[in-house]
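*Asks:* Next up is a structure, given as structure tokens.
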Amino acid sequence: MRNLGVFAATAAFLVSAPAFAQDVKVGIGISGWTGFAPLTLASQAGIFKKNGLDVTIKKIPQKDRHLAIASGDIQCAATTVETWIVWNANGVATKQIFQLDKSYGADGLAVRNDVASIKDLKGKTVAASAPGTAPYFTLAWMLKKNGLSVKDVTVVNLEPAAAAQAFVSGQNDAAMTYEPYLSTVRAAPDKGKIIATTLDYPMIMDTFGCTPKFLTDNPKAAKALADSYFEAVAMIETNQAKSYEIMGADVKQTGEQFGNSAKYLRWQDKAANQKFFAGEWQAFTKEAADLLLEIGIIKSVPKIDDLVDTSFIK
């Protein structure tokens, strides 16, 4: 651990100096999803602290993360783009301020080996997280693209790790999960196969957001959060092995195992962020909102412009 200070300091020279935030306390809710790992890296390597942030990262299931925001237990969170629509539609006001990652095969639908196509899942049992979460939405998206809906299957609500574990132990006909848990399925080809991932359906994109009050009260801290994330991404580029070791340890993986999970996604730097929020975010948000309305997750679509503040990535 002695080398972490030097490691963080080295990374700091790779990007422009962020706005100093003067030890602002901020609670961040995340999961063990590989795409969120640079936030853990920023915390453990001292990047947040160096940039004036007193960060507490809490592992909170996606289905409960908005409750933690509403209660004031956390001020910021990481989740998928469409989830922010759900939270805001249900009265939990939040704004996305930067993009974290894009899934390139890291989210997938596992099925038994005798299932030839997604259409064959009609009438079968699929394990996925609760309605309002990314795995449930991903399942709905893939089914819709194949002429089905979630009403055509029986959904058993299991969180991603449990869904993967249940599947390889022989339970359920299919499972929707993500890395690092999807690798559990990859490692058990006799139990089933991954019939589709976000390579086939590129629709999982994660962003970081906070409550409007936190952003209004702490604009320098919000800028420091974004800059710290970009520093962590730069750090991964310059010292991948050490970064993977730190991020992997947080989810009980070796650096090598973490690297295998990371192959299926792309972390987004500042330039990628600016491009994403210049049009792609708006188009996806509209399509996602329409599907959420169709499957009954939301009753009305919140104002799209209220869901984002891009001033912190300029």
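*Asks:* Go over the candidates LYS275, LYS299 one by one and state the one that is without any contact (Cβ under 8 Å) to a residue 40 or more places away in the chain and in the same structural domain as GLN75 (by TED's automatic domain parsing). Give the derivation first.
*Replies:* Details: LYS299 fails: without any contact (Cβ under 8 Å) to a residue 40 or more places away in the chain.
Within the list LYS275, LYS299, the selection yields LYS275.
*Asks:* Here are some conditions: (1) among the aliphatic types (A, V, I, L, M); (2) assigned to a loop (DSSP other than H, G, I, E, B); (3) closer than 30 Å to ALA187 by Cα. VAL301 meets all but one. Which one does it not meet?
*Replies:* It fails just one condition, (3).
*Asks:* Going through segment 129-152 one residue at a time, which ones are within 17 Å of ILE194 (Cβ to Cβ) and among the hydrophobic types (A, V, I, L, M, F, W, C)? Steps first, answer last, please.
*Replies:* The first filter runs over segment 129-152 and keeps only residues within 17 Å of ILE194 (Cβ to Cβ), leaving 134-135, 138-139, 141-143, 145-146.
Selection gives ALA134, LEU139, TRP141, MET142, LEU143.
*Asks:* Quickly run through segment 198-219 and pick out the residues that are of a type in the set (S, T, N, Q) and surrounded by 22 or more Cβ atoms within 10 Å (Cβ to Cβ).
*Replies:* Step one: of segment 198-219, the residues of a type in the set (S, T, N, Q) are 198, 207, 211, 216, 218.
Those that are of a type in the set (S, T, N, Q) and surrounded by 22 or more Cβ atoms within 10 Å (Cβ to Cβ): THR198, THR207.
*Asks:* Among the residues of segment 122-137, are any aliphatic (A, V, I, L, M) and either in the same structural domain as THR80 (by TED's automatic domain parsing) or farther than 25 Å from GLY32 by Cα (or both)?
*Replies:* no
*Asks:* Still on this structure, I have one more. Scan segment 113-133 residue by residue and report those that are assigned to a loop (DSSP other than H, G, I, E, B), out of contact with any strand residue (DSSP E or B) (no Cβ under 7 Å at 6 or more places or on another chain) and modelled with pLDDT of 95 or more. Please lay out each step first, then the result.
*Replies:* Let us first name the residues in segment 113-133 that are assigned to a loop (DSSP other than H, G, I, E, B), namely 113-117, 122-124, 129-133.
In the following step, the residues that additionally are out of contact with any strand residue (DSSP E or B) (no Cβ under 7 Å at 6 or more places or on another chain) were identified as 114, 116-117, 122-123, 131-133.
Those that are assigned to a loop (DSSP other than H, G, I, E, B), out of contact with any strand residue (DSSP E or B) (no Cβ under 7 Å at 6 or more places or on another chain) and modelled with pLDDT of 95 or more: ASP114, ALA116, SER117, LYS122, GLY123.
*Asks:* Same structure again: So for segment 217-227 (the condition being assigned to a helix (DSSP H, G or I), within 19 Å of the chain's Cα centre (by Cα) and under 21 Å from TYR104 (Cβ atoms)), does at least one residue qualify?
*Replies:* Within segment 217-227, not a single residue is assigned to a helix (DSSP H, G or I), within 19 Å of the chain's Cα centre (by Cα) and under 21 Å from TYR104 (Cβ atoms).
*Asks:* If ASP206 passes every condition in (1) in a loop (DSSP other than H, G, I, E, B); (2) under 23 Å from GLY248 (Cβ atoms); (3) not polar (S, T, N, Q) but one, which one does it miss?
*Replies:* Result: ASP206 fails condition (1) only.
*Asks:* Next question. What residue, among those in segment 117-149 that are without any contact (Cβ under 8 Å) to a residue 40 or more places away in the chain and within 23 Å of the chain's Cα centre (by Cα), is surrounded by the fewest Cβ atoms within 10 Å (Cβ to Cβ)?
*Replies:* LEU143
*Asks:* Now, a different point. Looking at segment 87-113, which of its residues are of a type in the set (Phe, Trp, Tyr) and more than 23 Å from ALA37 (Cα to Cα)?
*Replies:* none
Quick grid of which residues meet (1) more than 17 Å from the chain's Cα centre (by Cα); (2) assigned to a helix (DSSP H, G or I); (3) closer than 21 Å to THR34 by Cα:
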| site | (1), (2), (3) |
| --- | --- |
| PHE167 | yes, yes, yes |
| ASN172 | yes, no, no |
| ALA175 | yes, no, yes |
| VAL185 | yes, yes, yes |
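*Asks:* For segment 269-282, check the following and say yes or no: at least one residue is loosely packed, with under 15 Cβ neighbours inside 10 Å, of a type outside the set (Asp, Glu) and not in a helix (DSSP H, G or I).
*Replies:* Taking every residue of segment 269-282 in turn, none turns out to be loosely packed, with under 15 Cβ neighbours inside 10 Å, of a type outside the set (Asp, Glu) and not in a helix (DSSP H, G or I).
*Asks:* Continuing with the same structure: Regarding segment 221-244, can at least one residue be identified that is surrounded by fewer than 23 Cβ atoms within 10 Å (Cβ to Cβ), in contact with a helix residue (DSSP H, G or I) (Cβ under 6 Å, 6 or more places away or on another chain) and either outside the structural domain of TRP281 (by TED's automatic domain parsing) or among the acidic types (Asp, Glu) (or both)?
*Replies:* no
The values are calculated or read from the model by the stated rules, or taken from the named source; none is laboratory data. What you see is a predicted model, and the numbers here were worked out from it, not measured in a lab. As a convention, Cβ positions derive from the backbone with ideal geometry for all residues, glycine included, and neighbour counts pool all protein chains shown.
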